[in-house]
1. Identify, please: which residue in the range 152-177 is without any contact (Cβ under 8 Å) to a residue 40 or more places away in the chain and under 17 Å from the mean Cα position of the chain (by Cα) and is, among those, farthest from ligand 1 (Cβ to nearest atom)?
2. Which condition number does residue 272 fail, the rest of (1) over 30 Å from residue 142 (Cα atoms); (2) part of a loop (DSSP other than H, G, I, E, B); (3) modelled with pLDDT of 90 or more being met?
3. Assuming residue 578 fulfils every condition listed in (1) closer than 30 Å to residue 319 by Cα; (2) surrounded by 16 or more Cβ atoms within 10 Å (Cβ to Cβ) apart from one, which condition is it?
4. In the range 193-230, what residues are out of contact with any strand residue (DSSP E or B) (no Cβ under 6 Å at 6 or more places or on another chain), within 16 Å of ligand 1 (Cβ to nearest atom) and in a helix (DSSP H, G or I)?
5. Look at the range 135-159 and say how many of its residues are part of a helix (DSSP H, G or I), closer than 24 Å to residue 198 by Cα and within 14 Å of ligand 2 (Cβ to nearest atom).
6. Hey, among the residues in the range 188-228 that are surrounded by 23 or more Cβ atoms within 10 Å (Cβ to Cβ), free of Cβ contacts under 8 Å to residues at least 60 places away in the same chain and more than 16 Å from ligand 2 (Cβ to nearest atom), which one's farthest from residue 135 (Cα to Cα)?
7. From the list 323, 361, which residue is within 20 Å of residue 293 (Cα to Cα), more than 25 Å from the chain's Cα centre (by Cα) and in a loop (DSSP other than H, G, I, E, B)?
Ligand code: CDP
Ligand code: MG
């Protein structure tokens, strides 16, 4: 895999060789590793899936329970846990030695920044200390996490330490999943969840303390929360805010809140020896694999952690490691210690993620191959060796193209230090930080949210690092095009409703148009299916079989309708797991879709929107068109399209329902564009050209050949005057409202 060249060419190159090695991976790795990766199912697993569906077809989510089991198992075998009770373990954490001082500083200050290395006990202990110090007698303690897995696993751990059931005194909430109850006093959640709570309760009345954990990760939501929480702090004297951070950003955070104190938790002193590769690696996957094998053969026992950029590379590396081990075993006479190869990335199902916590059998070594998920979110004890490839993938928004794309970047010095620290103690060192997400991503959601919080001028919002003006304006333009903002940038009725849904703006619009076009039931299913990982299951050696199974579900003019068809058939087969297996569908993804669907249904009920159903699927396609006309493409050749607005070429993917039709529709809309070997449209639906003009009038109009140029000009002028009048009216209205307030 060559890292030469740059930009798209490099990306394409990578993908190609990645796909090749991935294919070989499936061929060679055999069922065991495939098993770990969740790709091949043994008969036992299929049975287990069946068992999860109750007799009445009700679905029981066991993932979390499985996760918990694994954590328990881990504790049972870990040397330390064998001899120490949970409360003794708590006292061994570095934060314990400064508990009273820390609580004192918190009592005396409204905002405190807490700095301490990973594993010092910030995430699990801070909330408990606050509880023990009486803060939960009137209100609860909330703790935000940048990642879902972290919120879940930490809540589980703390509930065990406090000897309470998960969801009782200690709970968690992530998008589409709320495991808290009336007794909950410590609540872990993703920062996105807390952000949405500010919609209903701008001053966060129910929280006595909020801990913003891992704030240095600077997720988009964290950054917006910073601005909002600064207001809450100013308005509520009884409210406390604690921000935990790596050393790097602590000073900046302190300044943002008005030079608040920074509390340092003293670290443990396990030195980490950093060895640099002498030359930049031509192929960092290969380089990392070689290094891991060298360590395994020559160095004393202790687990290995390798950082890669994404799922593809992780799979490629796992494959290469398995292959190398096989070669080694067959070529040497001596006994070779076992190497347990464990991938982890966010899309991996939770029970498989949990495997990294299991202790390897005696004499064996674990080798965890991870994305940056393992940088801060998950703590695995027993890591002795860290191999850092020095790259990570980041989502970047290109405002000119109006597109998000994943790109590979070298990691920052800070992230590299953090990665090194996973083996022990980070050496001192500061350097430039990575570009915060807010400066590089699509802001549609944030803009909608801030608008609903009545922040009229977004360019004035308290951003720690304001996003480029171009990104804000572009996102506002997108929202205006969707009809969520009016001509003076205020929320429309549609916009107010869209805010209620934890969905990207176009998906929220699709849902609301489904209601308007009386086909909400169908659109609701499609939106839910688009919110989960792929439902198609394509195991190695059975590609043809699974492809023909997929084809049986095809609705010729639409991948969206194909998804709808699948869900409806699953439903009429009592949501059965074995039915999914028979039809090469991922039961887990479908169950998640069902869960998401019921959550969205609750929101629709709250908004008093009634569920309508239509047998006319043209209506459904119109609802899709009304939300995705900005992603429309016109046919250019067979399977070849160009984006109607910017002329970017885009292709039908061979797996699309529209691919083998024999004819291709002239106009389509698509869910998203995937930059791989080609620009592939993901999830495509054929649309009528006049729908585009009706539903996206700001982009499209029907050319009427018999109208003269003069008439056309006249019409344009009329439209312009009408718009100006409307703007004038809205401005006046806004000004009056301000005076009243
Ligand atoms: O937040 P910080 O990195 O400072 O530490 P923490 O996450 O509170 O972890 C403290 C200790 O709790 C770790 O060393 C782990 O052994 C343990 N822990 C656990 O067993 N399971 C979890 N899900 C999280 C932490
Ligand atoms: Mg932590």
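1. Here the answer is 173.
2. It fails just one condition, (3).
3. Just one mismatch for residue 578, condition (2).
4. 217, 222 - these are the residues of the range 193-230 that are out of contact with any strand residue (DSSP E or B) (no Cβ under 6 Å at 6 or more places or on another chain), within 16 Å of ligand 1 (Cβ to nearest atom) and in a helix (DSSP H, G or I).
5. The total comes to 6.
6. Ranking the qualifying residues of the range 188-228, first place goes to 193.
7. On the way: 323 fails: in a loop (DSSP other than H, G, I, E, B).
One residue alone meets the criteria, 361.
For every residue, the table says whether it meets (1) farther than 15 Å from residue 240 by Cα; (2) within 16 Å of ligand 1 (Cβ to nearest atom).
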site	(1), (2)
92	yes, yes
96	yes, yes
113	no, yes
121	yes, yes
130	no, yes
134	no, no
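The values are calculated or read from the model by the stated rules, or taken from the named source; none is laboratory data. Just so we're clear, the structure is a prediction, and the values are computed from it rather than from any experiment. Because the Cβ atoms are built from the backbone with ideal geometry, glycine has one as well, and the counts that use them run over all protein chains shown.
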